[in-house]
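Novice: Input: one structure, supplied below.
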Amino acid sequence: MAAPKRMKFGVFMAPFHRVGENPTLALERDLELLQWLDTLGFDEAWIGEHHSAGWETIASPEVFMATAAERTRNIRLGTGVVSLPYHHPYMVANRMVLLDHLTRGRVMLGVGPGALASDAYMLGINPARQREMMDESLGIIMRLFNETEPINYQSDWFEMHDATLQLRPYQETFPVAVASVQSPAGVLLAGKHGTAVISLSVPRDLIRRTTLKDQWAIAEESAAEHGKTVDRNQWRLSVGCHLAETRKEAFEDIRVGSGRVVTEYFGNTLGHEVPDVPQDKIVDFMAENNQWIVGTPDDCIAGIERLLEASGGFGGLLIRVEDWAPRDKILRSYELLARYVMPRFQGSLVGIEGSNQWAAQIKDELQVNRRAGLEAATQAYLAQRS
């Protein structure tokens with residue numbers, strides 16, 4: 001098991017907002033959450049792109065990120081993800097470079113083929129071609145980021161003539177990640193281009209049940225084949241997580257909301273397979289099968305250690321943002337994670353715990369010295385008064 005010296009912590013914000021509530025206020029809560037995460041010291045947030053189905057309502061992660069950047073100071077912001085078949089690759093690169101300068105290098109590009117079949121349907125995109133289009137587009141984007149010579153390219157869905165970026169990236173190396181959700185295409189592409197990877201903690205592969213270790217092996221094989229390298233420290237896992245002071249409270253906090261998002265959205269709206277249990281038992285099923293982390297900070301620490309073991313090691317944990325509990329409960333969950341979980345995987349307690357143990361070991365000797373000092377001071381005072 002390879003654990004990084006300092007694990008990155010962040011969120012993967014689709015977001016998921018139940019149909020029927022005020023969408024303006026929901027988006028404002030998303031921005032408020034990023035401000036809270038920035039205050040708590042989270043490293044990054046990845047923002048999704050979706051155009052249909054009613055729950056995931058951010059159509060332009062770049063616009064959302066620009067707004068969030070003005071309200072935060074340190075947290076890095078990534079597209080999670082830009083669906084490349086929906087856009088001309090030159091425009092994707094240009095928008096990201098502009099954000100790179102406006103944020104002084106706080107942005108990252110996450111890419112994918114497009115997660116919602118309804119989005120591709122509205123845009124007239126053949127689902128069978130989405131991953132092929134993503135590969136072609138990413139190849140061009142990487143060239144635009146890293147090359148200065150004009151690019152000429154002819155595709156059946158876009159073309160470029162003497163194309164260069166007049167505004168070069170602010171960051172020396174622009175961070176790029178590929179999402180891996182349902183098929184090996186994501187990790188294959190990450191290896192081909194030597195990018196980072198964002199994976200679901202439990203791969204949702206309906207064709208071949210790949211494990212996390214399988215995913216990473218595919219990425220490494222693809223990288224070797226194309227003369228690239230991939231770095232486990234740049235591999236991020238996304239997982240559902242909710243914490244509270246007790247396990248009972250954590251489960252009850254999200255019992256209703258988690259059942260709704262799984263059945264109403266993933267099942268009834270998208271048609272995905274859902275657990276064959278009563279709606280109010282979905283949280284128990286997901287936690288027992290290690291698909292979500294629900295409980296206390298100690299439960300979360302144990303859950304992360306299980307993921308490290310199952311994967312062979314990764315560099316970042318992304319909490320999937322869910323609107324499945326009251327606002328104060330959600331904000332408290334992230335606070336508990338920042339206070340009691342993150343330090344365990346970031347090395348920030350080593351000096352504190354060492355100093356505490358050292359002081360405890362010599363406490364008797366120190367007490368003797370303290371009493372001797374007090375006695376000497378008392379005697380000196382009495383001698384002065386006599």
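Novice: Taking the residues in the range 136-172 that are acidic (Asp, Glu) and surrounded by 10 or more Cβ atoms within 10 Å (Cβ to Cβ) as candidates, determine which candidate is farthest from residue 193 (Cα to Cα).
Specialist: Per the criteria, the residue is 159.
Novice: Can you run down the residue pairs with Cβ atoms below 6 Å, 6 or more apart or on separate chains, where the first is in the range 168-181 and closer than 13 Å to residue 109 by Cα and the partner is of a type in the set (Val, Ile, Thr) and assigned to a loop (DSSP other than H, G, I, E, B)?
Specialist: Close Cβ pairs satisfying both conditions: 176/195; 177/195; 178/195; 179/81.
Novice: Would you please name the residue that is nearest to the chain's Cα centre (by Cα), looking only at residues in the range 138-156 that are in a loop (DSSP other than H, G, I, E, B) and more than 23 Å from residue 125 (Cβ to Cβ)?
Specialist: Taking the candidates together, the pick is 147.
Novice: With the requirement that a residue be surrounded by fewer than 17 Cβ atoms within 10 Å (Cβ to Cβ) and free of Cβ contacts under 8 Å to residues at least 60 places away in the same chain, what does the range 221-237 give you?
Specialist: If the condition is that a residue be surrounded by fewer than 17 Cβ atoms within 10 Å (Cβ to Cβ) and free of Cβ contacts under 8 Å to residues at least 60 places away in the same chain, then 221, 224, 225, 226, 227, 228, 229 are the ones that fit.
Novice: Sticking with this structure for a sec: Could you list, in sequence order, the residues of the range 92-114 that are part of a helix (DSSP H, G or I) and either over 13 Å from residue 138 (Cβ atoms) or outside the structural domain of residue 166 (by TED's automatic domain parsing) (or both)?
Specialist: Once the filter is applied, which keeps residues that are part of a helix (DSSP H, G or I) and either over 13 Å from residue 138 (Cβ atoms) or outside the structural domain of residue 166 (by TED's automatic domain parsing) (or both), the range 92-114 yields 94, 95, 97, 98, 99, 100, 101, 102.
Novice: Here is a follow-up. Any idea which residue in the range 352-386 is nearest to the chain's Cα centre (by Cα), counting only those that are β-branched (Val, Ile, Thr) and in a helix (DSSP H, G or I)?
Specialist: Filtering the range 352-386 for residues that are β-branched (Val, Ile, Thr) and in a helix (DSSP H, G or I), the one nearest to the chain's Cα centre (by Cα) comes out as 352.
Novice: Surrounded by fewer than 15 Cβ atoms within 10 Å (Cβ to Cβ), within 18 Å of residue 299 (Cα to Cα) and among the charged types (D, E, K, R), is that true of residue 273?
Specialist: When the stated conditions are applied, residue 273 does not pass them.
Novice: Quick check on my filter: what residues within the range 117-138 are small (Gly, Ala, Ser) and out of contact with any helix residue (DSSP H, G or I) (no Cβ under 7 Å at 6 or more places or on another chain)?
Specialist: Within the range 117-138, 118, 124, 128 qualify.
The values are calculated or read from the model by the stated rules, or taken from the named source; none is laboratory data. These figures come from a predicted structure and were not determined experimentally. A quick note on method: Cβ atoms are made from the backbone with ideal geometry, for glycine too, and the neighbour counts reach across all protein chains shown.
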